[in-house]
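Below is one structure, written out as structure tokens, with a few remarks after it.
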Amino acid sequence: MAIRPGKTRVGGPARVVWRRLAPWPVVAVVGAVASLLVDALICLCLPMIGWLGATDLPLSDPVGLAVGLLLLAHGAPLTIEGVVISVVPLGLTLVMVAVGLGVTRVGLRHGFAASPGASTRRVAGVAATVAVAYAAVIAVVTVLVEPESIVRAVIGGLVVGLIVGWSAAAPLFGWRIQWPDGAPAWVRALPRAMGAALGVLAAVAALVLCIALVASRARIGSLQDGLDAGTLGGVLLAIMQAMWLPNFLLWCASWLVGAGFAVGIGTVVSPVAVEAGILPSLPVFGTVPPDGAPSPFTLIWLAAPVAAGVAGAWVALRAQVTSAKVTGEPMRADIGALIGGATGILAGLLITGLAGLSIGDFGSVRMVGLGPRLGPMVLLATTLFGFAGLLAGLMLAWRAGGAEAFPQPPSGAPGGHERIG
């Protein structure tokens, strides 16, 4: 195959074509700015569609709302007619990450004449450059429209920019995690184990949310009719609520582990108690059950974090068992239990950390602190995940190790058998 001059084709999974048009720092900065411009256009779409139904309003209103949405997706609060919204729409944030990933990846291919190598230092340098440029643009916009939110906006911009930069550069350069030579197999398998555990919990959380939406369709429809938004307004409202879909899934995950979530000060929605009180008038909040004690059968859902802990432990133990077979080492049951328990605890801490990203306010008086109850969640998640992982690790190691899973003490040792004869 003929290759045009000025291009270098590198074999591999992606078969990257490199063509240097500018130094990579310039390309990284331009990519960050370009991705934010695309993000701003995405944020402008919804307000402009709404403005078409009320053209008597000044054009500055939808533009201002679009800028507010852009900053809200990076952690800066949005104020609409005196109502302060600080619940970050994680769905919109993920869209921006996807846009930035695509734009930055294309740009980086034109910042090097050939593959720059897969060193961690190189990837970190590119990611840091993208993050700084990304945060700088966000900071400038924030100073112009919401200067009091500059700290949250800059932190959010750095985090999103770092994710974008690393996610674009790492696979493009062929970077992989470099584990130390002595790292156990189960440690190397931790990323896959975390994915398995969180994947199981996320799937069940999505099922819970779907069941709640179907079961509460009458209340949701009543709230929708009460807003009198019309057909176009109803579509915009549905799209707007979809921007918070990952938040709702994390709230459901907190509900599944038994901690529940809050919908305002002094409220709780959990499998054992519901004290919601007055709710926001958004249709999605029609899924919140009425106050009181739920059915005892609701506790069956606590099996979800147990299954998630077992899934994570299974992935970690499978890697360790395979390694033990290769090296000829016995797979002890106590070691398997420790590996499974540690994996489960890490998964519980990870899901709690992710749930913390979905917390925020939907007002300034009562609708404060909406989202998972992190205190109970960190205790319940680590306990359920960890205990399930411990039992799963014990059983899996016992099955894999057979008689060697429970080694006997040597002859003559306390508790051992001394040979007679």
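What follows draws every value from the coordinates through simple rules; no lab data is involved. The model shown is predicted, which means the values in this text are computed figures rather than measured ones. Glycine gets a Cβ as well: all are built from the backbone with ideal geometry, and neighbour counts include every protein chain shown.
Summary of values
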read-out: Calculated FRET value between residue 80 and residue 211, using beta carbons and R₀ = 35 Å, to 0.05; value: 0.65
read-out: Using a Förster distance of 60 Å, the FRET efficiency for residue 242-residue 327 (Cβ separation, nearest 0.05); value: 0.75
read-out: Taking the C-alpha atoms of region 223-363, convex hull volume expressed per residue in Å³; value: 148
read-out: If the convex hull is drawn through the Cα atoms of the chain, its volume per residue in Å³; value: 210
read-out: Point-to-point label distance, residue 150-residue 303, nm (Cα→Cβ direction, 7 Å offset); value: 5.5
read-out: Gaussian network model of the chain, Cα within-10 Å springs - most flexible of 93, 79, 352; value: 79
read-out: Rg ratio (alpha-carbon, reference 2.2 N^0.38 Å) - region 10-178; value: 1.14
read-out: Sorted peptide list for 241-250, 157-166, criterion being average Cβ within 10 angstrom, highest first; value: 157-166, 241-250
read-out: Cα Rg over Rh - region 200-286, Kirkwood; value: 0.98
read-out: Net length gained if the chain between residue 41 and residue 106 were fully extended (0.36 nm per residue, minus Cα distance); value: 21.5 nm
